[in-house]
Amino acid sequence: MDIWSYTQSGYREEDTVTNGNRFLVGNGYMGYRGTMDEWGKSEFAAVNLAGVYDQNGDKWREPVNAPNGLFAVLSVNGETVALGKTTAQKHTQTVHFRRGTHSRDTLFAPVRIRSERFVSMAEKHLLCSRLTLTFSEDCQAELLTGIVTDIWDINGPHLFNYTYQADSILLAEARTGELNIPVAAAQSVKAGFDCAEKRESTETGVYRRLSFNAEAGKSYVIDIFSAVFTGLDDKEPGKQAYSLCQKAAESGFESLLSAHRAAWEELWQNSAVELQGCDEAARALNASLYHLHSIAPRHASALSIPARGLSGQTYKGAVFWDSEIFLFPVFVHTEPELAKTLLRYRIETLPGALKKAAEYGYRGAFYPWESQEGGAEGCTDYNVVDVFTHRPVRTYFRDKQIHISGDIAYALWRYYEITGDLSLMREGGAEVILQCARFYLSRAHSRLDTDKVELLDVIGPDEYHERVGNNVFTNQMAAHCIACSLELPELFPDSSFFDDLIKKLDYEDDFNLLKKLLPLLRPAFEEGEIIEQFDGYLELEDCDLETVRGRLLDEREYWGTNHGVAAHTRIIKQADVIAMMALFPSQFSDKTVERNWRFYEPRTEHGSSLSSCMYALTACRFGQPDLAWEHFIKTASIDLEGGGKNWAGEIYIGGTHPAANGGAWIIAVLGFAGLSVLNGELTANPRLPSQIKSLRFPVTLRGKRVCVTVTHDGWTVE
């Protein structure tokens, strides 16, 4: 088995959407779905842009898809040749993880079409494709290629007032409807043979037709280059796209591919995990890291990763808690500068969090559950559509999942603990922590007849149970955030920085109140107890997962909300108590973790790709890595196998799964290898399952890259 690529043979129409995710290529600035060269909006071809959003009317806001400049469809003797419409004698599609490319090889009766495509990791605005056409008979051939502007959108369209330019470089320019942001795509072509060329523009785009007399047995190579710029990049995005396409054609495909592959190789040098013993697992882990690298915003100084990466517009292209809890750990250990980029996004979007808290009558920072540009809240009050009535259902993700602020404070503190770098704290991280703690101070409930302080009317990670009291994960995150705020002065003992910050925020009274609040809010746990997920959880119906699944009348039903099949049972969506134990390992004994694991795991539907990672990590920590193995395979292979839910009620939620991609690394390195870094000191506590002989991986520690090797006999560091 080639652990550095994944190939699928044959064609099935029902795989179109999944393959678009599975075979994605990207560079963090944009992602190109794994579709055929000749496909369009009906096959969900898309160039998804990072950080550019638009709202069409009263539909959900979502990221903008750019015009597709790699479109190319072949006609032979006047007949269009296209997969799905023309019978293919043979077809394969491959994603190459190590070099970051996508290829296809399709044999039709008159012609063999091969292509290789990449979104340049060396030049963020550039897409490149090489088509190789080999004919089995003499014929008249015509290749229609250009920039398609009739593009796939879920809640679009988003681009309006197109203008076209059709000279040696094709150019399409438009503006978004909501914020009037310019978006431009250009295309240049380099043919390795003589052909006649005609150019045209239509309602669907701007094109060129390359006509030639094809000879049997001869191959014809066409290189296509496309560039995408927006008004967020430059005042004249069209001019920049045009110029880059000129330069790309001059440089040539091979030169651009070489630079792209070199950039990818550097990424792998910093992150590749060599897993010996199971090629299937090694390939799945490589695939997970490939997808993470393809969507990481290395081009930006303050940007995060959406919940579905750059695979499409689902989840509104929003940033969730996934970024801090499941993605940040990978990068803080392998690319600390990229980890800072993710956290700077939260620092720069603090005004949005302050605004949201104020809208609900609270002080401090209440971060968006679905964060878009500037910290705008993308989550609506009606996030699910009932499959029976087809009406929107009131959900409470937006206003009750208050653990999000604590999750962000958690990641900021972990960055400092692991790297020792105080720069983020000075750049605004300390202010974020203080404002998040202020929010919990404002949000906490106390009673006149008791000194108990509670966080009521919340939703924890288990979203099937809404508006509960004292969800332990939420309480623990809030308490940790408050504890971090109280420890901040110790980080700046010889500086006026913290005193000045307290004055700026008028925080002295709040600081004193937080000291009183912390011991009242911090959860207390007894050794070996089953920790109740929230008040009254253990009073709910205790039935098994299959019983609840059997109550579904439609497979697309949402399990939560008041009338969901799981809402009044102990069946939960994903790790909740176990997630808390995974993130705060020093606070729980192995005995307590194992007892809770064995209680909650059978009651967990794993209805989110975030869930299995936490169960695997905690299983390793109480010395049962073989219990973690199935969860590891499920997590790491999710985008290869096409796992995960595609529907929440009537809402399509398909796409890649960055949180699971990050979770695969977390299980392998923090779970199986037992890696821990604190105050610059690296340790490992290997818990390898029987399927793995050894793990070898790099860690960037205080500016130096070290390599850790773990076997069943121990571990070494180079």
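The values are calculated or read from the model by the stated rules, or taken from the named source; none is laboratory data. Note that the structure is a prediction, hence the values are computed from the model and not measured. Ideal geometry is used to build each Cβ from the backbone, glycine not excepted, and the neighbour counts take in all protein chains shown. Side chains are part of the model used for accessible areas, which takes the heavy atoms of the whole protein and leaves out ligands, DNA and RNA. Shrake-Rupley method; radii C 1.70, N 1.55, O 1.52, S 1.80 Å.
Summary of computed values
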read-out	value
Whole-percent carbon and sulfur share, accessible surface of the chain, 1.4 Å	46
Phi to ³J(HN,Hα) by Karplus 6.51 cos²θ - 1.76 cosθ + 1.60 over region 270-283, Hz, x for Gly, Pro	8, 9, 4, 9, 8, 10, 9, x, 8, 5, 4, 5, 4, 5
Entries in Lys355/Lys516; Lys59/Lys503; Lys198/Lys316 that, when Cα-Cα distance is taken, lie over 32 Å	Lys59/Lys503; Lys198/Lys316
Whole-Hz couplings from phi, Karplus 6.51/-1.76/1.60, listed for region 429-435; x for Gly and Pro	x, 5, 5, 4, 4, 5, 6
For region 110-127, 3J(HN,Hα) per residue [Karplus equation, 6.51 cos²θ - 1.76 cosθ + 1.60, θ = phi - 60°, Hz, x = Gly/Pro]	x, 7, 9, 10, 10, 8, 10, 9, 8, 9, 4, 7, 8, 9, 4, 8, 10, 10
Debye log10 I(q)/I(0) at q = 0.29, 0.32, 0.33 Å⁻¹ for region 114-161, Cα point scatterers	-1.12, -1.16, -1.18
Label corresponding to percent of Cα pairs over 46 Å apart when calculated from the structure given, among (i) 50; (ii) 21; (iii) 25	(ii)
Helix-only mean residue ellipticity at 222 nm for the chain, each DSSP H run of n ≥ 4 adding -39500 (n - 2.57), per residue, nearest 500	-9500 deg cm²/dmol
Convex hull volume per residue for region 354-488, taking Cα atoms only, in Å³	135
Under-5 Å amide H pairs with Asn685, H placed in peptide plane, nonlocal only	Gly674, Leu675
Average accessible surface area per residue within the chain, 1.4 Å rolling probe, Å²	38
Built amide H within the under 5 Å cut-off of Phe71, gap 5+	Gly146, Val148
Hydrodynamic radius of region 475-571 per Kirkwood, over alpha carbon pairs, in Å	17.6
Highest-first arrangement of 492-499, 470-477, 530-537, where packing means the average Cβ count within 10 Å	470-477, 530-537, 492-499
Beta bridges by DSSP in the chain, antiparallel share as percent, to the nearest 5	95
Cα radius of gyration and Dmax for region 472-516 (Å)	11.8, 36
Neighbourhood charge, 11 Å Cβ-Cβ cut-off, centred on Gly34 and excluding it, Lys, Arg +1 and Asp, Glu -1	+1
Average projected area [Cα convex hull, region 521-579], square nanometres	5.3
Rounded FRET efficiency, nearest 0.05, which uses the C-beta distance separating Glu137 from Thr92 and R0 of 25 Å	0.65
Enclosed volume per residue, in Å³, of the convex hull spanned by Cα atoms of region 45-142	148
Full-stretch length increase - Arg705, Ser495 - with 0.36 nm per residue and alpha-carbon distance subtracted	72.5 nm
For Leu701, residues with placed amide H under 5 Å, excluding near neighbours	Val706
Rounded tilt (10° steps) of 237-251 against the dominant C-alpha axis of the chain	60
Proximal aspartates and glutamates relative to Lys634, as straight alpha-carbon distance under 16 Å, when same-chain residues fewer than 8 apart are discounted	Asp279, Glu280, Glu601, Glu605, Asp626
List Arg696, Arg344, ordered by accessible area with a 1.4 Å probe, largest first	Arg696, Arg344
Net +/- balance of residues flanking Ser694 in space, Cβ distance below 12 Å, scoring K and R +1, D and E -1	0
Projected area averaged over orientations for region 502-626, convex hull of C-alpha atoms, nm²	11.0
Selection of trypsin sites (Lys or Arg not before Pro), region 416-473, meeting DSSP coil and at most 13 other Cβ within 10 Å	Arg447, Lys452, Arg467
Helix 625-636 axis, angle to the chain major axis (alpha carbon atoms, nearest 10°)	40
Alpha-carbon centroids, region 377-430 and region 233-295: separation in whole Å	29
